[in-house]
Amino acid sequence: MFTSLSSLSGNLLTLYKLKQDGSYRTQQDLLHALRVEESENAHQRTLERDEINARERAREATAGNRYEIERDWRQAHIGIQVKAAQERMDRQLEESPFSYSQEEFYGIVYEATRGGTIPALLIAPFYRDDLSGQENDEGPHSFRVSIRQAWLQSEWSTDLACLDGALSRPLRNTDMDILILQRSLQDLPVVLVYGGVQSNRRVWPSLYAWNIVDSPELRSVQVSFPPISLPIIEPSHQAHATRRLAFEDELGGSTAITVGLIAEWFHLVRHGRMPRLHTMLPSNMSPERRVIAAGLAASFDVALERDRIDIVSGRAGQAAMYLESGLRQQAENAALLALTAAESGFGNSSPRASISTLRQLSSTLDSLGRTNEADRVRRLLESTARNHIFRNLGWRNR
């Protein structure tokens, strides 16, 4: 284009000169030559412009094709991902022991346990090894009714949120099913009751709990009950039904007590609530009361370590548990520790023992034959009660 402009300016200069000293024909020839040259230049410019437009259209077409290819690939990739996610979800629902997605199952248990402030009680149907997987899944499911009713009729049934029916099938893949439940419920406290029936002759009850005690050393608890023989089938249907119901009632009762013991650990260690299960059992269950008291005594050490209870209440309660279980030496040691802590709490800024704690401690020391120490506690009790009255009347403590 620059060459054409310079040529045009040169021709105009020549034309100007010819107009001054050239002939008419010469001038006409020159004008014709100029028109021919200008036409050729215009044609050349048109070709160049068409070539540029063609390249631009080709570039746009290439970009459009690339976009369409990338769009199709993205849609195909999204479709593959959606299908894979759906297949994975279907597989999880098929393999999991509950009929919800993991998010839905967690939400249900979270709401039932008020955000994990109480444990959840899950009851799985017992697995029978003489039935196929489909027959186990479809049922009928044994022992669920007896375990659930024994729990609901117990005086400590509010210590856990019973979610019977949350598990839709027996734990046929025992360890893997438990891992799925743990992964789904994450940090929620859970007590799981499950078991198996061997050759329709023996029952193996089991219990698995996790997130009960916030401790790396005691993150989960597993209890395997001794196998129990099923009642022998008798000719009389009525007699067999009676023995079978008695068997299931016994199984449900022992399960409810064990679950209650684990719940006591949770409420003491998490919330500082004093154990009470051993006081709720009937008087004819003295052996069970002693076993429970012995199991609960150690929980006071964990509660004290986590500052859930004060040292006087903790040691006094621990002494009462040891005494209930027949461990007199351990009870005496814990009671003397409680007395020392109670006496050191008077006259300084340390929190003083409550009246109910001092009454419990004096009773424990009397039962242990430590009369002098019991009298010291009663003097503390008298001083505490007097100061309590003075505070209520607005008087200065004396």
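The values are calculated or read from the model by the stated rules, or taken from the named source; none is laboratory data. Small disclaimer: the values here were computed from a predicted structure and weren't measured. FYI the Cβ positions are ideal-geometry reconstructions off the backbone, even for glycines, and counts take in every protein chain you see.
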| query | When you look at residue 202, is it farther than 24 Å from residue 270 by Cβ, surrounded by 15 or more Cβ atoms within 10 Å (Cβ to Cβ) and of a type in the set (Lys, Arg), yes or no? | reply | no
| query | For the stretch 229-277, how many residues are touching a helix residue (DSSP H, G or I) at 6+ places or on another chain (Cβ under 7 Å) and among the polar types (S, T, N, Q)? | reply | 1
| query | Does any residue of the stretch 213-227 turn out to be hydroxyl-bearing (Ser, Thr, Tyr), assigned by TED's automatic domain parsing to the domain that holds residue 252 and assigned to a helix (DSSP H, G or I)? | reply | no
| Quick one: how many residues across the stretch 294-317 are part of a loop (DSSP other than H, G, I, E, B) and either buried (at least 19 other Cβ atoms within 10 Å of the Cβ) or in contact (Cβ under 8 Å) with a residue 12 or more places away in the chain (or both)? | 4
